[in-house]
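Only one structure is covered here, and it is reproduced in the block below.
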Amino acid sequence: MDQIKDAIESGGTGDDLAGLAIPDTYRAAHTLRSEQEMFADMASADKDPRTSLHVGQVATPELAPDEVVVAVMASAINYNTVWTSVFEPLSTFFFLDRFAREGHWESRHRQDFHVVGSDASGVVVRVGNAVRNWKPGDRVVIAPVVTHDQDPDAHEDQMLAANQRAWGFETNFGGLADLTTVRASQLLRKPTHLSWEEAAVNLLCAGTSYRMLVGAHGARMKQGDIVLVWGGTGGIGGYAVQMVLNGGGIPVAVVSSPERAEVLRELGCELVIDRKAEDYRFWSDEHTQDESEWRRFGKRIRSLAGSDPDIVFEHPGRETMGASVFAAKRGGTVVTCAATSGYSLEYDNRHLWMKLKRIIGSHGANMAENAETIRLLDRGAIQPLLTETFALDNVGEAARTVQQNRSDGKVGILCLASSEGQGIEDPEKRERIGEDRITSWSRSFAATKEAVND
Ligand code: NAP
């Protein structure tokens, strides 16, 4: 592995990389099948990824003809790694076993370890003999969508294919590792002005936000739309806010601290609701929602934005869905991709049908949507949400900060990259787009944290 890392860092050619041996084992963050019951009967908050995520050697899988091996320079924590590491809502070994039943190559994914991670940037070091568009030496980012092109539904929209899976969550050999083996159809070119970790943190969240808001399958935001964004400084919320601003919409972002509100204002999102300070209690007890709180929330949005939101960008789930459906304007759209606070949702259907609202379920993004998303990053129209970077050996700690909602934006992980700031191929382009713009999120959060600590 050292030879591969040295060759990449010293600017070795594709031929150099193709000539190096792929090791039989590699360092990877993984959970263990033997530990999938370790948190049984514990409260979710007590299930600690630091005890279930291990970093150690795992066996390199055989390469399928349509796959590539990528030397991973950096990766990211996504919330799905938190789900895997706490074995909720079910153990992801169930997903690996299900995937393994699909065929010979898929059977490699049934292992007693699960290598996690659904984002990465790196360098192609091997290609299978059916790979056409990629070669050793190519610098890439990896999208989380795994689908077979032999499923006709995948040609209408990859996300509709029955065998669509999330890489490193529903499949094995994920990105939080020094190597990964992925389908060639998951690759996109790395934006040349970004460092490895800046390039690695985007695609899963940014692609999801793109599909939810902009793509033909989502809410199809238009100029002037008012968009309520839950978790405006979180992974998907931070990209959503940027996309709304970039597309001529008006974001109303919800966050849970004055620091997060301040950062959003600095970044151009003027309308912000601090849900903690305003103390919304949408549930009066475990079984009952309080419509007067929905009304108070709706009134607050109107007081800021002048009218009800055309679109609600929903993902907290049980705690907020009732309020989201209520708050959307007549004929408006609630688009949802998750349920962090609980997936059994309740809303008052009268508010939906009488006011002709729509709910759209959305998941990930197809490769066309991912390519559009990377194009926005590549042109500097949206920026990486990277705010913090950990070494792969500290992946458990990194996942814990995301689980506890202590992280802002995206948390990057250095895999083969020895330090932050490496991998920038086009410094002139970086200068053109502007260091200040590219690092705006990390600098704003760092400055706000400093001010709070003073
Ligand atoms: P994240 O970085 O942890 O951010 C989530 C944000 O949501 C937090 O910053 C928090 O903001 C807010 N939040 C959390 N609990 C809340 C609650 N009970 N009520 C209101 N707001 C709450 O996570 P993420 O990466 O954005 O992901 C969010 C969810 O989407 C996760 O469940 C993830 O698994 C899911 N997801 C799904 C897909 C997909 O394709 N289906 C893709 C990406 C993510 P404040 O505390 O500041 O309000």
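The values are calculated or read from the model by the stated rules, or taken from the named source; none is laboratory data. Being a predicted model, the structure only gives us computed values, none of them experimental. Positions of Cβ are backbone-derived with ideal geometry, glycine not excepted, and every protein chain shown enters the neighbour counts. We work out accessible area using only protein heavy atoms, side chains counted, and drop any ligands, DNA or RNA first. Shrake-Rupley method; radii C 1.70, N 1.55, O 1.52, S 1.80 Å.
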Is it the case that region 279-292 has a residue that's among the β-branched types (Val, Ile, Thr) and open to solvent by less than 30 Å² (accessible area, probe 1.4 Å)? no
Identify all residues within region 223-243 that are within 8 Å of the ligand (Cβ to nearest atom) and at negative phi; write none if there are none. TRP230, GLY232, THR233, GLY234, GLY235, ILE236, GLY237, GLY238
Screening GLY412, GLY421 for residues that are in contact with a Phe, Trp or Tyr (Cβ under 8 Å, 6 or more places away or on another chain) and touching a residue at least 60 places away in the same chain (Cβ under 8 Å) leaves only GLY412
Restricting to region 94-118, name every residue that is of a type outside the set (S, T, N, Q) and touching a Pro at 6+ places or on another chain (Cβ under 7 Å). ARG108
Being more than 14 Å from the ligand (Cβ to nearest atom) and without any contact (Cβ under 8 Å) to a residue 60 or more places away in the chain, is that true of even one residue in region 269-278? yes
Subset of region 291-315, residues of a type in the set (D, E, K, R) and either part of a helix (DSSP H, G or I) or away from the ligand (no atom under 15 Å from the Cβ) (or both), comes to GLU291, GLU293, ARG295, ARG296, LYS299, ARG300, ARG302, ASP308, ASP310
Based on this model, can you work out whether GLY215 counts as modelled with pLDDT under 95 and open to solvent by less than 10 Å² (accessible area, probe 1.4 Å)? yes
Kindly list, by first and then second residue, each pair from a residue in region 240-264 that is in contact (Cβ under 8 Å) with a residue 40 or more places away in the chain and farther than 21 Å from LYS222 by Cα to a residue that is in a strand (DSSP E or B) and within 10 Å of the ligand (Cβ to nearest atom), limited to pairs with Cβ atoms under 7 Å and residues at least 6 apart or on different chains. SER256/ASP274
For region 93-136, which residues satisfy the criterion of being among the small types (Gly, Ala, Ser) and open to solvent by less than 30 Å² (accessible area, probe 1.4 Å)? ALA100, GLY103, GLY117, SER118, ALA120, SER121, GLY122, GLY128
Select the helices (runs of 4 or more DSSP H) contained entirely in region 142-256, then report the ones holding at least 2 residues which are more than 30 Å from GLY268 (Cβ to Cβ) and touching a Leu at 6+ places or on another chain (Cβ under 8 Å). 153-156
Please enumerate the residues belonging to region 137-180 that are among the small types (Gly, Ala, Ser) and either crowded, with 16+ Cβ neighbours inside 10 Å or within 15 Å of the ligand (Cβ to nearest atom) (or both). GLY137, ALA143, ALA154, ALA161, ALA166, GLY168, GLY174, GLY175, ALA177
